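Participant: Take this structure, written in structure tokens, and hold onto it; I'll ask about it next.
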Amino acid sequence: GAPKFKWSHLWEPAIVNPVNLKSYTIPIFNLGDPYARAFHLSWLGFFVAFLSWFAFPPLIPDAIKSDLHLSAAQVANSNIIALCATFVVRVGVGPLVDQYGPRKVMAYLLILGAIPSGLAGTARTAEGLYVLRFFIGILGATFVPCQAWTSAFFDKNCVGTANALVGGWGNMGGGATFAIMTSLFQSLTQTYGLSTHVAWRAAFAIVPAPILLFVAVLTFIFGQDHPAGKWSERHTLPVAALAVQQGHQIPNIQPEKSLKSSSESSKDEKDPEGNAAVTVRPAIADEDLALVKSTVDVAINEPLTLKTTVKILTNPLTWLPALAYLTTFGVELAIDSKFADVLFVLFSKRRPGFDQTTAGYYTSILGLLNLVTRPAGGYFGDLVYRHYGTNGKKAWTLLCGLIMGAALVAGGFYMQNNRTSGDEQLSVLMGVFSVAAIFSEFGNGANFALVPHCNAYNNGVMSGLVGSFGNLGGIIFALVFRFQTEVGKAFWIMEAEF
């Protein structure tokens, strides 16, 4: 079924699996193709969410902390609260994606998140900051429709690469936010002469809120719910008939009438109660049946029920990617949230000119690695899948986590015990933590190459559950930093735990 890769696949129209209408290729440069538009809007929505969700950490070490008179404990509390909101919302968003589709959920999350983003400058106390960061944390849930959207549009030969690309390019927003917000703040204070009190508040009004609303409008106008068209039409695919034939129950599909010969045209049916039943397109030709090899090939997102909830919660394949993502993405969140503050504390007095902006630029490097690292993790996941199946994806995911953990333990011990000169220590720390970040991001991509194979009929729920565990890891690691203030020790403690 799937063709061998050609560079022309990047700009030619998508090559589509006739069974499920998912694409075998990722036409990145063909914006007239609905598969390309779904791809780009999914990562763009997640990317711009970071412009608000992670806009506080680069400005906290000096500007916000001094303006609001925050203690170190209050800064840590605000980081934890932001992650708690995302953890809760990701769990709830998963069923909404399966019910209403990823496009609409993505757009509405961006709109909801734009409201507290526009109000960020109203914070006057630590408590006010807590409230704003909690509601801005809604934006972290954009990851769920981001992953579910590409999972619905791309076939299993490339879905790991597609998920990793959109996740990685979206996560790159974490690094971009550090560069954008610190540069904007510096420009507002040094070029335009604004005070610190005004500048950080103006930065939120200038960047996050307008961009969030703009991308939400783009999503509504140019996005497509599903390869079949509208989300409500997702059961009109030929594969729906095969799913019914295999015993899967689909609402308003009549099993005895759903599977037709390829020469018959589809027509509307009504169920016994007179409601319009879903129209199934001309069904699968015999030669296409050979393309169907697993549940992933025929699965269509279904609304969550009590029965499927129990099935998901008792399935071991639910918890492997969830726990793996807890460690890999949890570490990435911990680094993004805390590393700039750590660098500022370590080097602001030891290196002339090492200020909040410099610390933000160094931290942005680790986030910007997502441009290649997370996509590479997903690509290698797809590669090993061709030879070793899902077991290969599992092994690759676990290997990334082990290497990441070893690097963080080494970096934490070095930071805790070494007192060399500022330049030498900074170089070593950036090297070691870059290794940790690279394999953390490899692991993120590998993990969401595996997710589409787990509970395939509820991919939105699965994406939300696994994504929420990533935030749970961020919360746990943030708590480690909250209660273990010795520089370096928190890094190796959080990895020793897992």
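No value in this document is a laboratory result; all are computed from the given coordinates. A quick note: this is a predicted structure, and the numbers were derived from the prediction, not measured. In this analysis, Cβ positions are derived from the backbone assuming ideal geometry, glycine residues included, and neighbour counts consider all displayed protein chains.
Participant: With a cut-off of at most 14 other beta carbons within 10 Å, and DSSP calling the residue loop, which trypsin sites (Lys or Arg not before Pro) in the stretch 297-391 qualify? Please list them. Please report the intermediate quantities before stating the final value.
Facilitator: Details: sites: Lys307, Lys311, Lys338, Lys349, Arg350, Arg386; in loops: Lys349, Arg350.
Listed in order of number, the matching sites are Lys349, Arg350.
Participant: Sort the following peptides by mean Cβ neighbour count (other Cβ atoms within 10 Å, averaged over residues), highest first: 462-471, 355-364, 186-195, 210-219.
Facilitator: My ranking of the peptides, most packed first, is 462-471, 355-364, 210-219, 186-195.
Participant: In the stretch 67-134, which trypsin sites (Lys or Arg not before Pro) are in a loop and have at most 14 other Cβ atoms within 10 Å, using DSSP for the loop call?
Facilitator: In loop regions of the stretch 67-134 (DSSP not H, G, I, E or B), the sparsely surrounded trypsin sites (Lys or Arg not before Pro) are Arg124.
Participant: A further question on this structure: Under 20 Å from a point 7 Å along the Cα-to-Cβ line of Thr122: which residues of the stretch 25-65 have their amide N that close?
Facilitator: 52-56, 64
Participant: Among Lys4/Lys311; Lys230/Lys394; Lys311/Lys393; Lys22/Lys307, which pairs are too far apart, with a Cα-Cα distance over 25 Å?
Facilitator: Violating the 25 Å limit, Cα to Cα: Lys4/Lys311; Lys230/Lys394; Lys22/Lys307.
Participant: From the backbone phi of the stretch 112-125, what are the Karplus-calculated ³J(HN,Hα) couplings (6.51 cos²θ - 1.76 cosθ + 1.60, θ = phi - 60°) in whole Hz, Gly and Pro given as x?
Facilitator: Each residue's phi maps through the Karplus curve to give 4, x, 5, 5, x, 5, x, 9, 4, x, 7, 5, 10, 9 Hz.
Participant: Amide H of Gly101: which non-local residues (sequence gap of 5 or more, or other chain) have their own amide H closer than 5 Å, using H built in the peptide plane?
Facilitator: none
Participant: For the stretch 300-317, just list the computed ³J(HN,Hα) in residue order, Karplus coefficients 6.51, -1.76 and 1.60, θ = phi - 60°, integers in Hz, with x standing in for Gly and Pro.
Facilitator: 10, 4, 10, x, 6, 10, 4, 4, 6, 4, 4, 4, 5, 5, 9, 8, x, 5
Participant: Over the stretch 32-167, what is the relative contact order in whole percent, taking alpha-carbon pairs under 8 Å and six or more residues apart?
Facilitator: 40 percent
Participant: Report the trypsin sites (Lys or Arg not before Pro) located in the stretch 1-66 that are in a DSSP loop and have at most 12 other Cβ atoms inside 10 Å of their Cβ, or state none. Walk me through the numbers before you get to the answer.
Facilitator: On the way: sites: Lys4, Lys6, Lys22, Arg37, Lys65; in loops: Lys4, Lys6, Lys22.
When the trypsin sites (Lys or Arg not before Pro) of the stretch 1-66 are filtered for loop state and at most 12 Cβ neighbours within 10 Å, Lys4, Lys6 remain.
Participant: Further question: Across the stretch 349-360, in residue order, what do the Karplus-derived ³J(HN,Hα) couplings come to in whole Hz, using 6.51 cos²θ - 1.76 cosθ + 1.60 with θ = phi - 60° and x for Gly and Pro?
Facilitator: Values per residue, Gly and Pro as x: 9, 9, 10, x, x, 7, 10, 4, 5, 4, 4, x Hz.
Participant: Non-local amide H neighbours of His226 (under 5 Å, H modeled in plane, Pro and chain starts lacking H): which ones?
Facilitator: Here nothing satisfies the definition.
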